[in-house]
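FYI, it's all coordinate maths here, none of it is from the lab. Remember, it's a predicted structure, so these values are computed and weren't measured experimentally.
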Amino acid sequence: MGDAQLDLFQVTNSPQARLPSLFTLPSSPARPLPERIRTISLHRPYAGLVAAGLKTLETRMWPWPYEAGWLLIHESKGIDKEAMRRIGDVAQAHVGVGGVALVLVWIGGCRTMVAADEERAMVGVSDGRWVWEVGERHPLVTPIPMVGRQKFWSTPREDVVAALGLVA
């Protein structure tokens, strides 16, 4: 990512541009939740940036293997130090303690990454990288403590519903 693109991240660091707290009471998801919700770990600060609505494209070296659906984002204990340096104060403001699920998101589409995606993904484009479109977003009222894993795993719907502060 070029220096001009890094400036885009600094603009969102003003107090007026910050989004509400990660743990505000969400509205009920418009789409029904499955019995088990796919869960994936993101390194810090990326999970917090998704939860805050600042990172609206998740990237992987493999495509989203499912139809559009819900995904629970877990914040791993690992920190991407290069991302912390590159994104700066914005990243620092949204890095959490790790080891918890933070937000329920709707993944609405998947495609190969292009240079125009760098700002929304908060990473540079690279050959073979895929972007997952993050749509509807519901920060958890109560983060769910859990151990992260590689790839996907599942979390029971009742745990997510309780963490959202909703009545089952």
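Structural remarks
- Cα shape, the stretch 113-168, gyration tensor, a/c 1.5 rule: prolate
- Karplus-derived 3J(HN,Hα) values for the stretch 77-93, using 6.51 cos²θ - 1.76 cosθ + 1.60 with θ = phi - 60°, are 7, x, 10, 7, 5, 5, 5, 4, 5, 5, 8, x, 4, 4, 5, 4, 5 Hz; glycine and proline are entered as x.
- Per-residue 3J(HN,Hα) values for the stretch 44-51, derived from phi via the Karplus relation 6.51 cos²θ - 1.76 cosθ + 1.60 with θ = phi - 60°, read 6, x, 4, 4, x, 5, 5, 4 Hz in sequence order (x marks Gly and Pro).
- Cα-based equivalent ellipsoid of the stretch 72-112: semi-axis lengths in Å, sorted from largest, via gyration tensor: 21, 16, 9
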